[in-house]
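Working notes, structure below.
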Amino acid sequence: MPRRIYLSSPHMGSLERGYVNEAFESNWVAPLGPHVDAFQEEFARCVGTQHALALSSGTAALHLALQLVGVGPGDEVLVSTLTFSASVNPIRYLGASPVFIDSERTSWNMDPALLTEELESRAASGRLPRAVVVVHLYGQSADMDPILSVCERYGVPVVEDAAEALGSTYKGRVPGTLGRVGIFSFNGNKIITTSGGGMLVSHDEALVRHALKLSTQARDPAPHYQHSEIGYNYRLSNVLAAVGRGQLRVLEDRVAARRRNYAFYVRALGGLPGITFMPEAPWGRHTRWLTTITIDPMRFGADREAVRVALEREDIEARPVWKPMHLQPVFAAFKQRGGRVAEELFQNGLCLPSGSNLTPDDLARVAEVVRAVHQGQGRHAGMG
Ligand SMILES: *Cc1c(COP(=O)(O)O)cnc(C)c1O
């Protein structure tokens, strides 16, 4: 039996083990420690931000980011509807309400025109949101210039969820560092991983200092334990930061490998009728963290789900594109602007195995199954 092919599995480089050994040998098996400091500095340099704070997850980073731009009970926060629930859950942790904004078709990310309409109508009735959360999906930046400019016009802070987009660019700049606060994730399936972890970045030193305090149980500067606000235990451990330092060194290799996967799939599947790849918008580099296609069932002869099931039968993991947040039962009570584009991408979209450690044989196996579904359906139609 060939081994299972995963959607996106961890891929260690050559340096991680040495850094982890250092942590063990110095007995620095604790949150905080020299690897955490070094990881933050190296990460900040890598993305070009002033300040970076290593945290236990991307979700924790987003929770702190939202709190620090002032989101609280009763507020509204505009957020991309086509995303993972972790982009939205922290809005609810804080007692605020999400308002979901549809995607555009160039990058699949938040539509600046819909965002502008929503902000204009809210400004007119004095109901501006407390923040906007922009998600950079599948390794590609949203169109940030119009988003930043309309948010600036109305004085609404932008929080960037760049959990999936480390290594991407936007007009030569780095998504995640363009708004007031940005967050990244090092979960096991992301382009680099610490097995679990996240980073909060901002050019605002006071904000990051406050985030540090909240992430370490909000201790006031006093020799005894004193607290004047509610804190969290959200720091990244020194051992995991050691893994992160090694991973950061191979980020460019990982981007190159994932873009090679994408190029392979385009060669192998691009000629099949009804298959379209997620576009690479003209404004920057798409890392192809995940290679994502849409399948037009009429032209391909089978729908997205048939392809996914056929892959699963061959022990190959593929996943539908994110189910939009406005369709999630848990968020049914909240408002939305648009939603048809995200619904269509969900209905027809499929994420193909995209790990940077896939072999040419793995990729060929995936392509063979997809082609066989198309041909099988074709034979069927011919016989009918
Ligand atoms: C993975 C992910 C997160 C959450 O990151 P964790 O580190 O898993 O908490 C948030 N937003 C998006 C879009 C993600 O893909």
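Nearest-5 percent of antiparallel DSSP beta bridges in the chain? Spell out each step's value before the answer.
Numbers: 24 of 43 bridges.
Looking only at bridges with both residues in the chain, the antiparallel portion is about 55 percent.
Partner lysines whose Cα lies under 24 Å from the Cα of residue 190, excluding those fewer than 8 positions away in the same chain, are identified as 171, 323. Taking amide H as placed 1.01 Å from N in the peptide plane, the amide H of residue 83 sits under 5 Å from that of 325, each at least 5 places away or on another chain. Segment 330-376 has equivalent-ellipsoid semi-axes of 33, 15, 8 Å, by the square roots of 5 times the alpha carbon gyration tensor eigenvalues, sorted largest first.
With Cα atoms as the point set, segment 147-249 shows a radius of gyration and Dmax of 15.9, 49 Å. Tell me which of 256, 80, 99 sits at the most positive position along the dipole axis of the chain, charges placed on C-beta atoms (Lys, Arg +1; Asp, Glu -1). Farthest towards the positive pole: 256. Rounded to the nearest 500, the helix-only mean residue ellipticity at 222 nm of the chain stands at -12000 deg cm²/dmol, with each DSSP H run of n ≥ 4 adding -39,500 (n - 2.57).
Applying both filters, DSSP loop and at most 13 other Cβ atoms within 10 Å, to the trypsin sites (Lys or Arg not before Pro) of segment 67-135 gives 105, 127. Annotation: amide H-H contacts under 5 Å for residue 335 (H modelled 1.01 Å from N, sequence separation of 5 or more, or interchain): 100. Think of each Lys and Arg Cβ as +1 and each Asp and Glu Cβ as -1; about the Cα centre, that makes the dipole of the chain roughly 500 debye. Peptides 212-223, 280-291, 78-89 ranked from most to least packed give 78-89, 280-291, 212-223, packing being the mean of other C-beta atoms within 10 angstrom over each peptide's residues.
Quick check on segment 251-380: what does the Kirkwood estimate of hydrodynamic radius come out to from the alpha carbon pairs, in Å?
Details: mean 1/r = 0.0637 Å⁻¹.
When all Cα pairs of segment 251-380 are included, the Kirkwood radius is 15.7 Å.
Neighbours of residue 261, meaning other residues whose beta-carbon lies under 10 angstrom from its beta-carbon, give a summed charge of +3 when Lys and Arg score +1 and Asp and Glu score -1. Annotation: the residues 351, 46, sorted from fewest to most other C-beta atoms within 10 Å of their own C-beta, follow the order 46, 351. Summing charges over neighbours of residue 135, with a neighbour being any other residue whose Cβ is under 10 Å away from its Cβ, gives -3 when K and R count +1 and D and E count -1.
Distance from the alpha carbon centroid of segment 238-300 to that of segment 188-215 works out to 24 angstrom. Each Lys or Arg adds one and each Asp or Glu subtracts one; over the other residues with Cβ under 11 Å from the Cβ of residue 15, this totals +1.
For the pair segment 34-60 / segment 1-22, the C-alpha centres are spaced 21 Å from each other. Per residue of segment 212-219, in order, report the coupling 6.51 cos²θ - 1.76 cosθ + 1.60 (Karplus, θ = phi - 60°) as ³J(HN,Hα) in whole Hz, putting x for Gly and Pro. Going residue by residue, I get 4, 4, 5, 6, 10, 6, 6, 6 Hz, with x marking Gly and Pro. The value given for segment 14-249 is a Kirkwood hydrodynamic radius of 18.0 Å, derived from the mean inverse Cα-Cα separation. When both segment 118-176 and segment 338-352 are represented by their alpha-carbon centers, they are found 21 Å apart.
Coordinate-derived values only; no laboratory data. The model shown is predicted, which means the values in this text are computed figures rather than measured ones. Don't worry about glycine lacking a Cβ; one is built from the backbone with ideal geometry, like all the others, and counts go over all protein chains shown.
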